[in-house]
């Protein structure tokens, strides 16, 4: 396989403040003029807002477990109630950073079940992750195709912390039209030896790349990556859920 | 801060097979024509080769601990001996993937202390990580400046696996001329609320982006990223070692 050519990362300008029901796909098609060789990367928060996944904390009644964890963490018990509702399991409580690290109902391991209180659009409101980010990505991809007749790959992304390394990086939580893993198993190096690298987390690398062109405080929620057509597939593919390490193979719970 | 403009990721062509003592900096200056607004991303393997960090397994005598771990893993005891010598601590043994996950002498947590047996250039030889990847990055940056009078940021990168998520992604193990973390603490969202995101792992996001333009089997070890001048600083900065989570704050050992 020859080396790929240059890659361009371009913010998609002109997407307005997103309200529930907003058609993100057609706004991206109009403002981003994608082709079927591009990858469109969309930050989770606008996807969640378009899907109405915004909750006013006033409407949440914390239960006993949430209240007890919240006082341990110095956190708002209503937020912790939502975190527990969005999670299968609490993996760690981190009083120093005032967060719970949980496994979300989707299977992601992240801080506070991915619930974000910045840029929610209303005071005292928080934004939950999309219910099914792979489905969100498929629906946005289909809306883009309806609007412009082309099928770029679509990623829905969020900033997650990592074990061992300080700092958050953008990762893919949903995808359509791309395999999140580029499978190198069985490929040989130039000397004919099997490669150590086995599967490359290509959706996460694309998510990270897109984040470089984005400013966290801006209203710019979508980014187009050109020159990555070799990763785009015509069907929607397996989604990001297949990228989660099965619990039995996970050494770090 | 306005949204950044487009970013371009360009492979640096024409770097020959690297032997010990090879001047990577001047080859990158010649073939990549960087400016002081670019980030140059170099894969660890060529840096290690230029620094002579290649070991013939024939010259390694495995000790008792290595032999016992190797038989548990179904691995070559000579490789495991090197892994132990390059590590402070074994974090996990993973017989299924036949690897040790260790904390390297630098403090990175990764498979087999980052020792790689593919593309070593000689049969039965393996490539160790650079002794001090931050120093490697500084030296390459200085050699680039000597050759072309400009000071791009320089990252030395490797592919690491992650907890919880399948697939390896490229991360920065050494850097010069850039702060590996973009510190967002204290910044406010558009509504005036403090951002959830605190520190962005910008060096790791740049490493991941560069990997998209690279082919693991190719001889193309360097990539230039344009349009990221806002991350480049005149001095060398703190290096990647400051990006490692201190053990006392690490919930996932």
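Here, each number is a calculation from the coordinates, and none is a lab measurement. Please read these numbers as outputs of a predicted model, since none were measured by experiment. FYI the Cβ positions are ideal-geometry reconstructions off the backbone, even for glycines, and counts take in every protein chain you see.
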In segment A:128-158, which residues have a backbone nitrogen under 14 Å from the label point lying 7 Å from residue A:35's Cα in the Cα-to-Cβ direction?
A:150-153
Highest-first arrangement of A:100-110, A:25-35, A:169-179, A:241-251, where packing means the average Cβ count within 10 Å
A:169-179, A:100-110, A:25-35, A:241-251
Report Rg/Rh for the protein assembly as shown, rounded to two decimals, where Rg is the Cα radius of gyration and Rh the Kirkwood radius.
0.96
Label position 7 Å from Cα toward Cβ: report the copy-to-copy distances for residue B:146 in nm, one decimal, ordered from shortest.
6.2
Comparing A:38, A:94, A:211, which has the greatest mean-square fluctuation in the GNM of chain A with Cα pairs linked when under 10 Å apart?
A:94
Relative contact order [Cα under 8 Å, 6+ residues apart], chain A, whole percent
27 percent
What percent does the relative contact order of segment B:64-188 come to when contacts are Cα pairs within less than 8 Å and at least six residues apart?
14 percent
Comparing B:141, B:162, B:88 in a Gaussian network model of chain B (Cα, 10 Å), the one with the largest mean-square fluctuation is B:162
Which one, B:51, B:65, B:226, has the greatest fluctuation when you compute a Gaussian network model over chain B with C-alpha springs under 10 angstrom?
B:65
For chain A, rounded, prolate or oblate, judged on the Cα gyration tensor with a ≥ b ≥ c (square roots of eigenvalues), a/c < 1.5 rounded, else prolate if a/b > b/c?
oblate
Within 10 Å of each Cβ of B:109-118, how many other protein chain Cβ atoms are there on average?
3
Need one value for A:6-16: mean number of C-beta atoms belonging to other chains within 10 Å of its residues' C-beta atoms.
4
Starting from the Cα-Cα distance between residue B:247 and residue B:131, subtract it from 0.36 nm times their residue separation and give me the gain in nm to one decimal.
39.7 nm
Report, for residue A:96, each distance to the same residue's label point in the other copies, shortest first and in nm; define the point 7 Å along Cα→Cβ.
2.9
At 0.36 nm per residue, minus the direct Cα-Cα distance, what do residue B:13 and residue B:85 gain on full extension? Give it in nm, one decimal, please.
22.4 nm
Nearest 10 degrees, 0 to 90: helix B:133-148 Cα axis against chain B principal axis
50 degrees
Note down the relative contact order for segment B:54-128 as a percent, whole number, built from C-alpha pairs under 8 angstrom at least six residues apart.
28 percent
Once both label points are put 7 Å beyond Cα along the C-beta direction, the residue A:188-residue A:72 separation in nm becomes 5.4 nm
Equivalent ellipsoid dimensions for segment B:55-145 as semi-axes, Å, which come from the Cα gyration tensor, largest first:
26, 16, 11
Inter-copy label distances at residue B:35 (7 Å, Cα→Cβ; nm, one decimal)
2.5
Within 10 Å of each residue's Cβ, count the other Cβ atoms and sort A:47, A:90, A:12 from fewest upward.
A:90, A:12, A:47
Rounded to two decimal places and with Rh computed the Kirkwood way over Cα pairs, what is Rg over Rh for segment A:1-106?
1.14
Tilt relative to chain B, helix B:64-73 - C-alpha long axis, 0 to 90 degrees, to 10
80 degrees
Helix-derived [θ] at 222 nm for the protein assembly as shown: sum -39500 (n - 2.57) over DSSP H runs of at least 4, divide by residue count, nearest 500?
-7000 deg cm²/dmol
Measuring from label point to label point, each 7 Å out along Cα→Cβ, what is the residue B:124 to residue A:215 span in nm?
5.9 nm
With angles folded into 0 to 90 degrees, how steeply does helix A:202-211 sit against the dominant principal axis of chain A? Use alpha carbons for both and round to 10.
70 degrees
Let me confirm one metric for peptide B:84-95, namely the mean number of other chain beta-carbon atoms within 10 Å of its residues' beta-carbons.
1
